[in-house]
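Notes for the one structure printed next.
No lab work stands behind these numbers, since they all come straight from the coordinates. If you're wondering where the values come from, they're calculated on a predicted model, not measured in any experiment. In this analysis, Cβ positions are derived from the backbone assuming ideal geometry, glycine residues included, and neighbour counts consider all displayed protein chains.
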Amino acid sequence: MASLAGLGGAPIALPHHPDLVETYLDICDGIVVTGGAFDVPPQMFNEHIRSDLIRLKPERTEFENALVKGALARDIPLLGICGGEQLLAVVTGGTLVQHIPDEVAAALQHSSSKDTENAAGRKRASHDVLVHEGTLLSRCVEAINIHVNSSHHQAVKSVGIGCRVNAVAADGVIEGIECPGYRFCLGVQWHPEYLQQEADRRLLNAFVEASAQYKDQNYHSPVAPKFPATL
């Protein structure tokens, strides 16, 4: 959140209440969906769980699924980070690799370790990704090859109709997707919020600018959210 605030955004955390998604979307000009040490349920892309490493958070997934669908329906700028990129892929008709070492031959090290963390425990850039030319991502980061700090055991396997891959690692693992039919709909497997590369700052800045444009074009009066009463 600090990285977005530093670029002119005003980020707020949204409690996981699916029934409040439309209210949230009434007051938001952009949506960021992050990861969080859990996985997209394979049932969402018509598979059974095949890895013992799958970890689920059903309540959060239910909320974020509704949030992504709602943002797409309103064409609100949307940025998926890590697990958020994977959820975006599934919501738009794609599928996932459940566990990279099980499905990708000669895979790179995509998960973090003490060797890929700095003194603050943040993930250092650990491998390169090739950004496809002519994509929204390439226009945002202004680069074709960037060093990233992705840390994941799942990955996007295929994208749905209307979406495209915009970045891949040397082992073929998909590291970014986007949906060109929307004003700004993009997901990356790495963590640009750590601002470890200039490309990270450029990507987040592009999202903030797209959100500002959405606000200018779709101005709405502030709405007071009606949160559930607490006892």
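Observations on the model:
- Estimated from helical segments only, the mean residue ellipticity of the chain at 222 nm is -8500 deg cm²/dmol, where each DSSP H run of four or more residues counts as -39500 (n - 2.57).
- Where labels lie 7 Å past Cα in the beta-carbon direction, separation of residue 17 and residue 161 in nm: 3.7
- Counting only DSSP beta bridges with both residues in the chain, the antiparallel share comes to about 75 percent.
- The stretch between residue 216 and residue 183 holds 10.5 nm of extra length on full extension. This uses 0.36 nm per residue minus the Cα-Cα distance.
- On full extension, the segment bounded by residue 170 and residue 74 gains 31.0 nm, given 0.36 nm per residue less the C-alpha separation.
- Selection of trypsin sites (Lys or Arg not before Pro), the range 49-100, meeting DSSP coil and at most 12 other Cβ within 10 Å: 50, 55
- Straightening the chain between residue 55 and residue 7 buys 14.0 nm, computed as 0.36 nm per residue apart minus the Cα-Cα spacing.
- Bridging of residue 69 to aspartates and glutamates at a Cα separation below 12 Å is possible for 22, once same-chain residues fewer than 8 apart are set aside.
- Between 0 and 90°, nearest 10: helix 58-74 axis offset from the chain longest Cα axis: 70
- Modelled spin-label separation between residue 143 and residue 128, with each label point placed 7 Å from Cα along the Cα-to-Cβ direction: 1.1 nm.
- Relative contact order for the chain, counting Cα pairs under 8 Å that sit 6 or more residues apart, in percent: 24
- Packing-based order for 1-13, 177-189, 36-48, using average beta carbon neighbours within 10 Å, highest first: 177-189, 36-48, 1-13
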